[in-house]
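Where a number appears in this text, it was derived from the coordinates with a stated rule and is not lab data. Not measured: the values here are computed from a predicted model. Cβ placement follows ideal geometry from the backbone for every residue including glycine, while neighbour counts extend to all protein chains displayed.
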Amino acid sequence: MNWEQLEHAIRAACDVANEEVVIVFGSQAILGSHPDASNQLRQSMEVDIAPGSNDSHVADRIDGALGEDSVFNATHGFYVHGLTIDAALFPAGWERRTVKVRGSQAGPGTGLCIEAHDLAASKLAAFREKDRDFVRTLLVDRLVNARKLRLRVQQLPPSRIPADRLLSWLDATVREIHRDPPAGDEGEPQ
């Protein structure tokens, strides 16, 4: 997915939802903070979007019109997964840190993309291998700061995965990255 596709997804989701604001919270929300994110972070052709109203019926409408195997998907080569924001866990205060996306292609709607550190903490809370790989790439690419991510993990609501396990993974990953920095890069990830 790229920036233009994100703007298109936001515009289409706002149109289908008949709402001015939607929330982008899957991996492709990284484009809100980092439109030039590496290809490794932009591999998904799916963007998770919740209606601003967080109404499950509206989320279902988005998913039906723009989701996987829809005409929209077949036409544009990417799709919108309509969900409510409750489908993921976020650190306390995430709402005030969102990144607004409203560009020339976004039309009258606005997408509120989850900020990079909140997104990384949310991905760690899910603790799937693909999510840990995503967070590792965010750290390697220096799109998130390890100390700030640690604080955000501590601000997550309780989940099935204890925060100390998430923090242990984060600490081990940062040590690994520091031991084996990308070619030509000797510093600690930000």
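Here are some notes:
- Helix 116-126 vs. the chain, principal-axis angle (Cα, 0 to 90°, nearest 10): 90
- Principal-axis tilt of helix 3-17 within the chain, Cα atoms, nearest 10 degrees: 50
- Mean-square fluctuations from a GNM of the chain, with a 10 angstrom spring cutoff on Cα atoms, peak among S168, S44, S53 at S168.
- Residue exposure sequence - I62, I10, I85 - by fewest surrounding Cβ within 10 Å: I85, I62, I10
- Rounded to 5, the percent of DSSP beta bridges in the stretch 3-115 classed as antiparallel: 45
- Each of C113, C14 has some number of other Cβ atoms within 10 Å of its Cβ, and from fewest to most they run C14, C113.
- The stretch 19-114 - percent relative contact order, Cα under 8 Å, separation 6 or more: 36
- Kirkwood's formula applied to the C-alpha pairs of the stretch 3-115 gives a hydrodynamic radius of 13.6 angstrom.
- Nearest 10 degrees, 0 to 90: helix 129-140 Cα axis against the chain principal axis: 70
- Contact order relative to length of the chain, as percent, for alpha carbon pairs under 8 angstrom and 6 or more apart: 22
- DSSP-defined antiparallel bridges as percent of all bridges, the chain, nearest 5: 45
- For the chain, the Rg and Dmax computed from alpha carbons only, in angstrom: 16.6, 50
- Likely footprinting exposure, K130, K148, fewest C-beta neighbours within 10 Å first: K130, K148
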